[in-house]
1. Got at least one residue in the range 141-161 being buried (at least 23 other Cβ atoms within 10 Å of the Cβ) and touching a Cys at 6+ places or on another chain (Cβ under 6 Å)?
2. Identify, please: which residue in the range 31-55 is of a type in the set (V, I, T) and in a loop (DSSP other than H, G, I, E, B) and is, among those, farthest from the ligand (Cβ to nearest atom)?
3. So if I check each of K63, K12, which one is away from the ligand (no atom under 16 Å from the Cβ) and in contact (Cβ under 8 Å) with a residue 40 or more places away in the chain?
4. Kindly provide the set of residues from the range 274-321 that are in a loop (DSSP other than H, G, I, E, B), charged (D, E, K, R) and assigned by TED's automatic domain parsing to the domain that holds L221, ordered by number.
5. For the range 192-235: of the residues being among the acidic types (D, E) and either at positive phi or not in a helix (DSSP H, G or I) (or both), which is surrounded by the most Cβ atoms within 10 Å (Cβ to Cβ)?
6. How many residues does the range 242-265 hold that are assigned to a loop (DSSP other than H, G, I, E, B) and closer than 28 Å to K337 by Cβ?
7. Does N133 qualify as being in a loop (DSSP other than H, G, I, E, B) and touching a Phe, Trp or Tyr at 6+ places or on another chain (Cβ under 6 Å)?
Amino acid sequence: MKHTAWLSKKLKSGKIMCEACAHSCTLDEGEYGICGVRRVEDGELRLLVYGVAAAVNVDPVEKKPMFHFLPKSRAFSVGTVGCNFSCKFCQNYDISQYPKEHNHQIIGQEFPPNEIVELAITNRCESIAYTYNEPVVFFEYTYDTAKLAKDRGLKNIYVTSGYETKKAIDLLAPYIDGMNIDIKSFSDKFYKEICGSHLKPVLEAVKYAHEKGIWVEITTLLIEGKNDSDEEIRGIAKFIASIDTSMPWHLSAFHPMYKMLDVPRTSSATLHRAYKIAQEEGLNYVYVGNIDDNDYESTYCPSCKNKVIERSGNIGQFVTNHLDENGTCPHCGYNLKGVWE
Ligand code: SF4
């Protein structure tokens, strides 16, 4: 199903500039963008994966991870092939890098936006998550689906690397309720060499999405020897705190994957060290994922320190939410930030 990638503009030179992400690919007839799923055909930028999902699942929202967003609910999760990053540690490289590694081939099954929304409702999901690969590369598909979903009372979540342009965020803001944005490192060198991108646009997107009123949670995959120095962890923590000390930060453990099979799995000690630094910098909600330690996955009231959302077992398996529908702590009346109803 070919579809115009309308988040783009025609330049005087005759080329077309994509306006979805910070790469701003400027393309001639027949050329593909860096993501491999947007291409100029017959003088138009086309989205080659419109309505073609490569992965569709019902997931606990905690798996996105979103911890301050309708706890214990289900998120209908959808992704396509293609990505604007090329992270050497990608955990979904089989779909994200597919077109680039298979001569621009697109794979997936037809799932038009209305079908995604119907399936979400049938499966008793409260939200739709655009996830698995980078959603901004299939922007128009997410946009149409999110609009329909909103009309039917569902919420929408972007799980993203944070390379959206301001224009993309402006268009998404009325429909996207939550974003989990990766800050993969606090070093431009890391972004450039390991991910094929840059740090600055990511930090700008985090700030801007928050400014636009989208609920933002951050994830950092810690990789020993690559992005886990005290200095770098503190840099990210300070950046988050400068926006909002109530912005949740998920620290997760790397395990050998894709082009980084020679790097060991992240130890609990490293994750705990990062957790401590984040707390020193004043962040209220820091979570450690991918390790078996439930105390680090629960939510504590910043005021009275009681456990207010308990999480245990596999991610999303056992969740007990003691907050009311406004996010109020039952012990002291403190209002925790998040999307609770
Ligand atoms: S979404 Fe794809 S085509 Fe558009 S600017 Fe980003 S990488 Fe380039």
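The values are calculated or read from the model by the stated rules, or taken from the named source; none is laboratory data. Treat the numbers as computed from the prediction; the structure is a model and nothing was measured. Counting neighbours? That spans all protein chains shown, and the Cβs are built from the backbone with ideal geometry, glycine included.
1. no
2. It comes out as V49.
3. Residue meeting the stated conditions: K63.
4. Scanning the range 274-321 gives E281, D292, D293.
5. E217
6. Matching residues across the range 242-265 total 5.
7. no
For every residue, the table says whether it meets (1) within 16 Å of the ligand (Cβ to nearest atom); (2) assigned to a helix (DSSP H, G or I).
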{"residue": "D94", "(1), (2)": "no, yes"}
{"residue": "H104", "(1), (2)": "yes, no"}
{"residue": "L119", "(1), (2)": "no, yes"}
{"residue": "V137", "(1), (2)": "yes, yes"}
{"residue": "I157", "(1), (2)": "no, no"}
